Amino acid sequence: MRLTLAIIIAKLASFFVKALNQGQATSLPGLLARKIDPKVLAKLSRKLKKGVIIVSGTNGKTTPTRLISNILKEANFSFIHNRAGANLLSGVTSSLLEKCSITGSLNQDWAIFEVDEATVPKVAEQTKPKVIVLMNLFRDQLDRYGELEKLANLWRETINNLPEETKIILNADDPLVSSIAINNKNIYFYGVNNENYKIEKIAESADSKNCPNCKEPLVYSALFYSHIGKYVCPKCGLKRPNLNLSAEEIRLNSFENIELKLRQNTNQLDLKAYLPGFYNAYNVLASTTVGLNLNISEDKIKQGIKNTKAAFGRLERFKLDNHNAILMLVKNPTGFNEVIRLLEIDGKKKKIIITLNDNIPDGRDISWIWDVDFERLIKTADYIFVAGQRAEELVLRLKYAGFNLNSLKQEKDYCKLLEISLAKLDNDETLYILPTYSSMLDLRKVIAEKGCVKKTWA
């Protein structure tokens with residue numbers, strides 16, 4: 001009776017939110033339903049034919065869940081996906097409530113959830129996932145989450161309490177993530193062996209430079225970005241685990257795509273993903289590992305990955321007044337540095353919009369911008385347009401990075417921002433837009449009014 005009442009209230013809330021044009025109802029239905037029946041998520045997840053897949057990580061939730069959903073689609077599985085990105089308990093619950101009947105029945109095989117890092121323990125406890133993918137841990141909104149070790153300990157407790165049959169998929173190249181694997185038999189590691197894109201030294205701002213066990217500085221034979229790479233602790237012997245799936249070759253084709261040769265034991269998979277950037281190699285690796293563990297054929301996996309387009313705000317391409325534009329969400333030092341790395345690939349000078357907000361979804365603490373390697377951006381950017389609630393601090397950071405103030409333009413109004421930035425472009429130039437989360441939503445509204453992008457998640 002309580003479950004039925006929770007579902008009715010949730011569906012009414014969803015109807016009125018959409019009818020009044022107040023959003024997509026991605027969180028409120030779940031929030032209300034949980035107040036009526038706190039076990040609604042557990043009850044509904046048990047109705048799925050196959051079960052739940054959870055994906056989490058600081059940098060890497062939205063894209064890998066899209067990759068996995070397309071792999072499931074190719075394999076003719078039905079599924080529920082919190083595609084709009086509401087990844088807290090209320091959002092995860094809302095996605096099931098939207099698809100269930102009044103009596104709580106669900107006809108789908110799987111539910112695939114991207115889950116906020118700190119919310120993983122609660123979602124996992126209530127849904128008893130069949131597969132859980134843990135991508136990485138970086139500093140992100142420390143005013144909300146605290147230190148990385150705290151999150152790692154929460155994840156460790158979580159996987160130790162999962163059912164024995166749960167498949168646990170971990171990024172071996174992140175020492176903090178791989179170290180949570182203790183006494184678990186059903187663990188699968190993925191990582192990169194190709195060293196063509198390694199970097200020379202670990203950045204001062206890297207998040208996990210020390211051994212998670214004994215705190216001794218880790219030694220890297222290959223470093224890919226931040227603290228991600230091939231590592232060993234000279235004191236206690238902690239090292240990168242053996243890989244179940246590895247990227248043996250990676251080719252970055254600027255903003256077009258990446259090509260990979262993956263290896264599972266003696267078996268090789270050649271893949272192409274239309275998701276540029278080195279970091280997307282990890283998204284492909286994680287998603288492929290899921291597909292293989294669900295016994296989906298290699299052909300279906302390849303096609304699912306090939307069919308995946310960049311997610312909302314993540315390397316999203318569109319036309320803006322006859323100019324090409326690319327929107328790339330930036331929300332922490334590691335992600336921003338990887339975007340800078342991508343901008344460098346073709347060696348061309350670029351005109352770039354950077355926006356910085358400090359709303360709750362962004363994190364109130366913006367000191368992370370001082371850990372972004374803006375000094376490298378000088379070689380790539382010939383003009384930068386700055387906007388957002390904390391534009392002044394961003395201009396100051398760019399000034400200290402060595403930018404000529406004559407090459408910077410600050411504008412608070414997003415309509416004017418687009419006008420002045422487009423006016424600076426030559427006919428064949430692309431505009432690169434790098435916003436933090438809430439400023440991305442604000443800027444996207446202005447762009448959507450021009451008819452250049454969809455107003456909602458696609």
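The values are calculated or read from the model by the stated rules, or taken from the named source; none is laboratory data. Being a predicted model, the structure only gives us computed values, none of them experimental. Backbone-built Cβ (ideal geometry, glycine too); neighbour counts: all protein chains shown.
Across the stretch 273-303, which residue is surrounded by the fewest Cβ atoms within 10 Å (Cβ to Cβ) among those that are hydroxyl-bearing (Ser, Thr, Tyr) and in a helix (DSSP H, G or I)? Let's see the steps before the verdict.
First, pick out the residues of the stretch 273-303 that are hydroxyl-bearing (Ser, Thr, Tyr): 274, 279, 282, 287-289, 297.
From the residues that got through so far, the ones that are in a helix (DSSP H, G or I) too are 279, 282, 287-289.
On the way: 279: 25, 282: 27, 287: 29, 288: 29, 289: 27.
Ranking the qualifying residues of the stretch 273-303, first place goes to 279.
Residues of the stretch 17-32 that are among the aliphatic types (A, V, I, L, M) and under 16 Å from residue 97 (Cα atoms): 17, 25, 28, 31, 32. Do we have any residue at all in the stretch 46-54 that's of a type outside the set (Val, Ile, Thr), touching a Pro at 6+ places or on another chain (Cβ under 6 Å) and in contact (Cβ under 8 Å) with a residue 24 or more places away in the chain? No, there is no match, as no residue in the stretch 46-54 is of a type outside the set (Val, Ile, Thr), touching a Pro at 6+ places or on another chain (Cβ under 6 Å) and in contact (Cβ under 8 Å) with a residue 24 or more places away in the chain.
The set of residues in the stretch 439-458 being modelled with pLDDT of 85 or more and buried (at least 19 other Cβ atoms within 10 Å of the Cβ) consists of 439, 440, 443.
So in the stretch 252-303, with the set limited to residues that are of a type in the set (D, E, K, R) and over 21 Å from residue 50 (Cβ atoms), which one is modelled with the lowest pLDDT? Talk me through it step by step, then tell me what you get.
So the first thing to find is which residues in the stretch 252-303 are of a type in the set (D, E, K, R), and the list is 256, 259, 261, 263, 270, 272, 298-300, 302.
Then drop every residue that is not over 21 Å from residue 50 (Cβ atoms), which leaves 256, 259, 261, 263, 270, 272, 302.
Details: 256: 84, 259: 96, 261: 97, 263: 97, 270: 96, 272: 95, 302: 97.
Here the residue is 256.
Screening 195, 259, 248 for residues that are outside any strand (DSSP E or B), among the charged types (D, E, K, R) and within 30 Å of residue 303 (Cα to Cα) leaves exactly one candidate, 195.
Filter the stretch 199-235 for residues that are modelled with pLDDT of 85 or more and assigned to a loop (DSSP other than H, G, I, E, B) and give the result. Once the filter is applied, which keeps residues that are modelled with pLDDT of 85 or more and assigned to a loop (DSSP other than H, G, I, E, B), the stretch 199-235 yields 211, 212, 213, 214, 215, 216, 218, 226, 227, 233, 234, 235.
Kindly list the number of the only condition in (1) under 29 Å from residue 223 (Cα atoms); (2) of a type in the set (Lys, Arg); (3) not in a helix (DSSP H, G or I) that fails for residue 341. Condition not satisfied by residue 341: (3).
Looking at residue 271, is it in contact (Cβ under 8 Å) with a residue 12 or more places away in the chain and under 21 Å from residue 373 (Cα atoms)?
On the way: in contact (Cβ under 8 Å) with a residue 12 or more places away in the chain: yes; under 21 Å from residue 373 (Cα atoms): no.
In short, no.
Hey, does the stretch 6-18 have a residue that's over 27 Å from the mean Cα position of the chain (by Cα), surrounded by fewer than 24 Cβ atoms within 10 Å (Cβ to Cβ) and either among the small types (Gly, Ala, Ser) or part of a loop (DSSP other than H, G, I, E, B) (or both)? Yes, the stretch 6-18 has at least one match. Residues that are at pLDDT 90 or above, of a type in the set (S, T, N, Q) and within 15 Å of residue 280 (Cα to Cα) were ranked within the stretch 304-361; the one that is surrounded by the fewest Cβ atoms within 10 Å (Cβ to Cβ) is 307.
Hey, can you tell me all the residues within the stretch 292-330 that are of a type in the set (Ser, Thr, Tyr) and under 16 Å from the mean Cα position of the chain (by Cα)? Talk me through it step by step, then tell me what you get.
Within the stretch 292-330, the first condition is being of a type in the set (Ser, Thr, Tyr), and the residues that meet it are 297, 308.
Across the stretch 292-330, the qualifying residue is only 308.
Taking the criterion of being among the charged types (D, E, K, R) and either free of Cβ contacts under 8 Å to residues at least 24 places away in the same chain or outside the structural domain of residue 57 (by TED's automatic domain parsing) (or both), the residues of the stretch 162-191 that qualify are 164, 185.
Whether a residue is closer than 24 Å to residue 430 by Cβ, assigned to a loop (DSSP other than H, G, I, E, B) and of a type outside the set (S, T, N, Q) was assessed, and residue 311 passes this test.
Name every residue in the stretch 383-397 that is in contact (Cβ under 8 Å) with a residue 12 or more places away in the chain, of a type outside the set (Lys, Arg) and farther than 18 Å from residue 341 by Cβ, in order of residue number.
Taking the stretch 383-397 and keeping what is in contact (Cβ under 8 Å) with a residue 12 or more places away in the chain, we get 383-395, 397.
If we keep only those that are of a type outside the set (Lys, Arg) too, we end up with 383-389, 391-395.
Scanning the stretch 383-397 gives 383, 385, 386, 387, 388, 389, 391, 392, 393, 394, 395.
Annotation note: of 331, 351, the sole residue that is touching an Asp or Glu at 6+ places or on another chain (Cβ under 7 Å), basic (Lys, Arg), assigned to a loop (DSSP other than H, G, I, E, B) and in contact (Cβ under 8 Å) with a residue 60 or more places away in the chain is 331.
Do we have residue 433 as within 27 Å of the chain's Cα centre (by Cα) and of a type in the set (A, V, I, L, M) here? Don't jump to the end; show me each part of the working.
Values: within 27 Å of the chain's Cα centre (by Cα): yes; of a type in the set (A, V, I, L, M): yes.
Taking the combined requirement at face value, the residue satisfies it.
Only a single item in (1) under 22 Å from residue 343 (Cβ atoms); (2) in contact with a Lys or Arg (Cβ under 9 Å, 6 or more places away or on another chain) is not met by residue 256, and it is number (2).
Selection over the stretch 255-268 of residues that are touching a residue at least 24 places away in the same chain (Cβ under 8 Å) and within 20 Å of residue 60 (Cα to Cα) gives a count of 4.
Here's the yes/no breakdown for (1) under 30 Å from residue 244 (Cβ atoms); (2) crowded, with 24+ Cβ neighbours inside 10 Å; (3) outside the structural domain of residue 361 (by TED's automatic domain parsing); (4) acidic (Asp, Glu):
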{"site": "87", "(1), (2), (3), (4)": "yes, yes, yes, no"}
{"site": "94", "(1), (2), (3), (4)": "no, yes, yes, no"}
{"site": "102", "(1), (2), (3), (4)": "no, no, yes, no"}
{"site": "106", "(1), (2), (3), (4)": "no, no, yes, no"}
{"site": "109", "(1), (2), (3), (4)": "yes, no, yes, yes"}
{"site": "117", "(1), (2), (3), (4)": "yes, yes, yes, yes"}
{"site": "120", "(1), (2), (3), (4)": "yes, yes, yes, no"}
{"site": "129", "(1), (2), (3), (4)": "yes, yes, yes, no"}
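Specify which of the listed residues (379, 348, 412) is farther than 27 Å from residue 223 by Cα and not assigned by TED's automatic domain parsing to the domain that holds residue 279. Please lay out each step first, then the result.
On the way: 379 fails: farther than 27 Å from residue 223 by Cα; 348 fails: farther than 27 Å from residue 223 by Cα.
Testing whether each residue is farther than 27 Å from residue 223 by Cα and not assigned by TED's automatic domain parsing to the domain that holds residue 279 leaves just 412.
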